[in-house]
Amino acid sequence: MSNRSWKRIILGFIFLAFSIFYTAIFYRQANFSQTMIFNIAHLKSLGNVFTSPINFDYWNHSGSQINLFSPWLTLLPGWVLVSLNTFWGFGVYLTGITLLTFVSAYFYMNKFSHDTFEALLFSVIYTCSFNRFNLIFHDQRLENYLVLIFLPMVYYGAYLFFKNKSWKTLVWGFALVIWTAPYVALGVALTLIPIYLLMVFTKRTHHWRYWGTLGLNSLIVFGMVTLGTIGFIGPLINQQWSKKLVQAPIKNFDYIEWFQQLHFSMAQMYMLIGIGILLALLVLLIFLKSRFSYKVLIIEIIPLTAALLIKWQVMGIDVSRLVLALQSILDLFLIIVVSRIIILIFQEFPSIFKLLLLTVTIAGSGWIVYHQADQIHARQTFTASEKINYQKFVTNYHDEAINGQNQFFADNRKKDVSFYTKSNDYWIQYYNPVSVNLDLPVQNYSGYSIQLNNEKVAIKESRRKTISLQTQPGKNIIEIHTRYDWIGIVCLLLNLLGFILLSYLSLLNLRWKNEKSS
């Protein structure tokens with residue numbers, strides 16, 4: 001067996017062991033919060049997502065449109081696992097997410113820097129960073145830390161793209177980011193746009209052929225990313241066009257307030273200023289001695305840091321989730337720069353010292369994760385997961401699904417009504433000798449097919465944003481069936497076509513490279 005194969009086996013074992021350790025600490029220390037219940041309910045509700053965005057079995061049978069407003073493609077492996085077993089399935093899923101974060105960070109950093117030591121340092125620090133710890137143990141929104149797998153991929157793809165080498169890695173990375181966390185994708189786009197201007201300062205761009213190729217590739221990237229994400233973006237825009245639903249803002253971490261609460265003395269403030277000046281000089285040295293791609297990262301860090309420190313608004317638009325996304329991107333850039341600083345400091349040291357430094361980094365990262373988790377005083381841990389009825393959980397997510405409360409009203413009076421749900425179908429049986437206005441606890445959605453006693457019926461939207469209809473005297477059998485409308489079906493088919501085309505072009509390019517190598 002070659003040295004390269006042994007290296008892969010050893011790295012794989014280290015990454016897997018650390019991933020299991022990370023998951024064990026999460027299960028032991030983290031709060032099993034409402035957000036975690038939402039994550040698992042969301043995963044479980046994906047069983048019919050290719051047929052309909054609505055699943056009446058979950059979200060307290062409210063017809064919540066969560067799968068229209070939240071991407072679901074990269075969550076499907078989690079659906080498979082939690083469908084088998086909630087407790088162990090999510091544990092395997094979280095372990096897999098951590099393992100893939102290790103592997104992705106190492107793989108793309110190694111291709112970027114061509115330095116195994118730097119790639120390992122980056123992989124360990126990135127996966128065990130304070131930002132990722134906060135996203136998993138405190139914030140707990142699944143997509144916010146799942147997307148960290150794809151950030152190294154999309155920025156390595158950008159590195160190849162601006163060198164006019166290849167656009168396929170950027171397309172794959174950007175599409176996967178959109179299918180996981182759209183706000184992070186918007187943040188990535190905001191960091192890529194300035195690079196077009198910064199490229200003017202490199203010699204390779206001082207020719208019209210470069211800009212011609214870059215312009216053509218930009219159009220290709222835009223078209224392929226659109227084609228590769230239209231299955232989510234299309235139905236979302238179609239629904240938002242008529243409903244104009246708004247998501248509630250989130251509270252971002254206030255770094256300035258946190259710093260002021262530390263109450264440093266004057267001597268400590270002077271010491272911090274001195275440390276800051278030394279770090280600035282060190283970063284300036286890195287800026288001067290590193291290649292252009294590192295210079296771009298250092299320049300990008302400045303506005304990203306300002307965006308986190310300064311409270312800002314854009315024409316009254318909520319940017320709280322964008323700020324959270326920029327925080328993850330800044331974390332990535334800072335860790336790349338920190339890894340580069342360590343490499344330049346210890347580049348003349350012998351290999352045994354570098355191995356020792358790497359061992360200390362891995363052990364230290366594990367201890368920091370354990371120590372951070374030990375500070376959490378959980379009200380209940382993940383052992384409570386089996387006691388939760390995930391079908392009853394409901395949340396206000398864009399569509400105010402919580403307003404239904406699974407209560408039926410006949411002429412504004414609460415009634416007990418028998419009903420049955422199965423996936424994207426909902427049956428209601430109601431008897432009354434007189435005709436009444438029946439308010440159903442189901443969110444109003446344009447994609448429903450509603451029948452009353454086997455005949456289509458006109459519906460209205462109630463004050464609760466739910467379906468309201470006029471019953472007939474006597475027995476009423478109400479059927480609600482939901483499928484993707486023709487726009488949703490066309491978008492999903494186009495998305496599938498985009499993935500097939502992109503896969504073909506990627507495999508064709510890989511085959512050509514292998515033939516050239518031979």
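Structure summary
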{"item": "Exposure of residue 461 as accessible area (Å², to 10), given a probe of 1.4 Å and all protein chains", "result": "90"}
{"item": "Whole-number accessible area per residue in Å² for the chain, which is evaluated in the context of all protein chains at 1.4 Å", "result": "51"}
{"item": "Share of carbon and sulfur in the accessible heavy-atom surface of the range 319-415 [1.4 Å probe, %]", "result": "56"}
{"item": "Angle in degrees between helix 168-178 and the longest Cα principal axis of the chain, rounded to the nearest 10", "result": "50"}
{"item": "Cβ-based net charge around residue 434, under 15 Å, with every Lys or Arg adding one and every Asp or Glu removing one", "result": "+2"}
{"item": "Along principal axes, Cα extents of the range 378-518, largest first, whole Å", "result": "82, 48, 24"}
{"item": "Helix axis angle, 292-309 relative to the chain longest principal axis, alpha carbon, degrees", "result": "50"}
{"item": "Segment residue 472-residue 189, length gained on full extension (0.36 nm per residue, minus Cα span)", "result": "96.5 nm"}
{"item": "Gyration tensor verdict on the range 1-74 (Cα atoms; rounded if a/c is under 1.5, prolate if a/b is larger than b/c, oblate otherwise)", "result": "oblate"}
{"item": "Computed E for residue 363/residue 3 - FRET, C-beta separation, R0 22 angstrom, nearest 0.05", "result": "0.35"}
{"item": "Cβ-Cβ FRET estimate between residue 295 and residue 222, R0 fixed at 30 Å, reported to 0.05", "result": "0.70"}
{"item": "Hits among aspartates and glutamates - C-alpha to C-alpha of residue 44 under 16 Å, sequence gap 8 or more where chains match", "result": "57, 143, 386"}
{"item": "Under 22 Å from residue 7, Cα to Cα: lysines that are on another chain or at least 8 residues apart", "result": "111, 354"}
{"item": "Reachable aspartates and glutamates, given that their alpha-carbon falls under 19 Å from the alpha-carbon of residue 460 and they are not under 8 places away in the same chain", "result": "399, 400, 411, 439, 479"}
{"item": "Summed side-chain charge close to residue 469 - residues other than residue 469 whose Cβ falls under 9 Å, Lys, Arg +1, Asp, Glu -1", "result": "0"}
{"item": "For the range 327-334, Karplus couplings with θ = phi - 60° (6.51, -1.76, 1.60), whole Hz, Gly/Pro x", "result": "5, 5, 5, 4, 4, 4, 5, 4"}
{"item": "Relative contact order (%) - the chain, alpha-carbon pairs under 8 angstrom, separation at least six", "result": "23"}
{"item": "Accessible surface of the range 166-219 [probe 1.4 Å, protein heavy atoms]: carbon and sulfur percent", "result": "74"}
{"item": "Rounded FRET efficiency, nearest 0.05, which uses the C-beta distance separating residue 396 from residue 427 and R0 of 35 Å", "result": "0.85"}
{"item": "Estimated 222 nm signal from helices in the chain, with DSSP H stretches of n ≥ 4 weighted -39500 (n - 2.57), rounded to 500", "result": "-20000 deg cm²/dmol"}
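The values are calculated or read from the model by the stated rules, or taken from the named source; none is laboratory data. Small disclaimer: the values here were computed from a predicted structure and weren't measured. So basically every Cβ, Gly included, is an ideal-geometry build from the backbone, and we count neighbours across all protein chains shown. These accessible areas exclude ligands, DNA and RNA; they are computed on the full protein's heavy atoms, side chains included. Shrake-Rupley method; radii C 1.70, N 1.55, O 1.52, S 1.80 Å.
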